[in-house]
1. So the check is Cβ under 9 Å with 6+ separation or different chains; which pairs have a first residue in region 27-49 that's free of Cβ contacts under 8 Å to residues at least 40 places away in the same chain and assigned to a helix (DSSP H, G or I) and a second one that's of a type outside the set (D, E, K, R) and loosely packed, with under 10 Cβ neighbours inside 10 Å?
2. For S39, indicate whether it is surrounded by fewer than 10 Cβ atoms within 10 Å (Cβ to Cβ) and hydroxyl-bearing (S, T, Y).
3. Of all residues being acidic (D, E) and touching a helix residue (DSSP H, G or I) at 6+ places or on another chain (Cβ under 9 Å) in region 33-74, which is nearest to V22 (Cα to Cα)? Just the residue, please.
4. Can you tell me which residue in region 6-36 is farthest from the chain's Cα centre (by Cα), limited to those that are loosely packed, with under 10 Cβ neighbours inside 10 Å and among the aliphatic types (A, V, I, L, M)?
Amino acid sequence: MKLKQIEKEALQLSAEERAQLVRHLIASLTPSQQNEAWSDVLATAQSRAHQIDSGEVETVAYSSVMEKARTMIR
């Protein structure tokens, strides 16, 4: 199975199932690979926080996102 197909199918999982999958995948890495993966996650979170703090991007309320998603699904 190709990576793109796996990604597509993984995105169909519930949030809880995706989180469990991530935990399993990270546990399958060596300790140094795990550190690198978590460093990447931390760097992304810090970058996004900076974008919000600087006003570069605006946050959107969860309720607004869900309302828009429901509208798009209909």
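Just so you know, all these numbers are worked out from the coordinates, no wet-lab data involved. Just so it is clear, the structure is predicted and the values come from calculations on it, not from any experiment. We place every Cβ from the backbone using ideal geometry, glycine too, and count neighbours over all the protein chains shown.
1. Q34/A27
2. Numbers: surrounded by fewer than 10 Cβ atoms within 10 Å (Cβ to Cβ): no; hydroxyl-bearing (S, T, Y): yes.
No; evaluated as a whole, the condition is false for this residue.
3. Filtering region 33-74 for residues acidic (D, E) gives 36, 40, 53, 56, 58, 67.
Subset that is touching a helix residue (DSSP H, G or I) at 6+ places or on another chain (Cβ under 9 Å): 56, 58.
Numbers: E56: 29, E58: 27 Å.
Out of the qualifying residues, it is E58.
4. A27
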